[in-house]
1. For the stretch 46-62, indicate whether the set of residues that are of a type in the set (Ser, Thr, Tyr), closer than 15 Å to residue 86 by Cβ and touching a residue at least 40 places away in the same chain (Cβ under 8 Å) is non-empty.
2. Given the structure, is residue 74 in contact with a strand residue (DSSP E or B) (Cβ under 9 Å, 6 or more places away or on another chain), in contact (Cβ under 8 Å) with a residue 40 or more places away in the chain and not assigned by TED's automatic domain parsing to the domain that holds residue 43?
3. Residue 126 versus (1) assigned to a helix (DSSP H, G or I); (2) β-branched (Val, Ile, Thr); (3) over 27 Å from residue 82 (Cβ atoms): which is the lone unmet condition?
4. Looking at the stretch 94-109, which of its residues are charged (D, E, K, R), outside any strand (DSSP E or B) and either within 17 Å of the chain's Cα centre (by Cα) or surrounded by fewer than 15 Cβ atoms within 10 Å (Cβ to Cβ) (or both)?
5. Going by the conditions given, is residue 112 out of contact with any strand residue (DSSP E or B) (no Cβ under 7 Å at 6 or more places or on another chain), under 30 Å from residue 30 (Cβ atoms) and either of a type in the set (Lys, Arg) or in a strand (DSSP E or B) (or both)?
6. Among the numbered criteria (1) within 13 Å of residue 43 (Cα to Cα); (2) modelled with pLDDT of 95 or more, which one does residue 56 miss?
Amino acid sequence: MTSTNLHKETLRLVEASEDVVITVVGYFYTVDFGPSHPQVHRVGKNRRCTCPDGVSCPAVGAVVAYLKSGGERAPDPPPGYYPVAPMTCPICGADAVYDRNLGSKQRGAGWRCIQAGNRHYWEDQVSALRQKMADNPWYYPPVVVRDGQRLLAYEGIKPDDTVLYPGLLRSEIGEPHRSNQ
């Protein structure tokens with residue numbers, strides 16, 4: 001379906017039903033065209049519907065129109081988490097395909113690169129973990145009571161906090177010993 005035909009189909013569906021409802025659910029937009037088109041669609045931030053029509057689905061155009069009119073944006077997933085397998089490998093740009101054996105609740109949909117197999121998947125996961133470690137200086141974060149609530153103070157101790165445990169920074173313990181490297 002060409003982009004012009006997709007736009008016409010989207011307008012036809014939207015005009016045919018005043019009951020079009022778009023909501024943000026997790027990292028997706030759900031599109032319900034109402035009784036005239038009974039299937040509910042899930043559109044990702046990659047402008048692709050999870051239905052067999054993919055990028056050609058009229059729900060994609062409906063989400064674009066929804067966002068242009070000021071609709072709520074879906075949140076970005078955390079680094080290394082894939083709600084759906086990417087179309088291209090984030091390491092080399094080659095095509096990527098879904099691999100159910102690599103998926104998990106913590107990492108989302110598994111995928112593999114058609115050129116490098118699962119090696120690029122794991123390189124991407126290691127890169128995400130390195131970034132998380134760089135963003136979090138704490139080995140053990142401080143534990144404080146703030147405003148009557150006990151919490152982990154990743155942002156550090158504030159003057160009015162009651163300190164239960166002062167925390168331990170990664171820089172205070174140095175690099176762990178690594179054998180066989």
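The values are calculated or read from the model by the stated rules, or taken from the named source; none is laboratory data. Computed from a predicted model, the values in this text were never measured in an experiment. Here the Cβ is made from the backbone with ideal geometry for all residues, glycine too, and neighbour counts use every protein chain on show.
1. no
2. yes
3. Status for residue 126: all satisfied but (3).
4. Hits for the stretch 94-109 are 100, 105, 107.
5. Criteria not met by residue 112.
6. (2)
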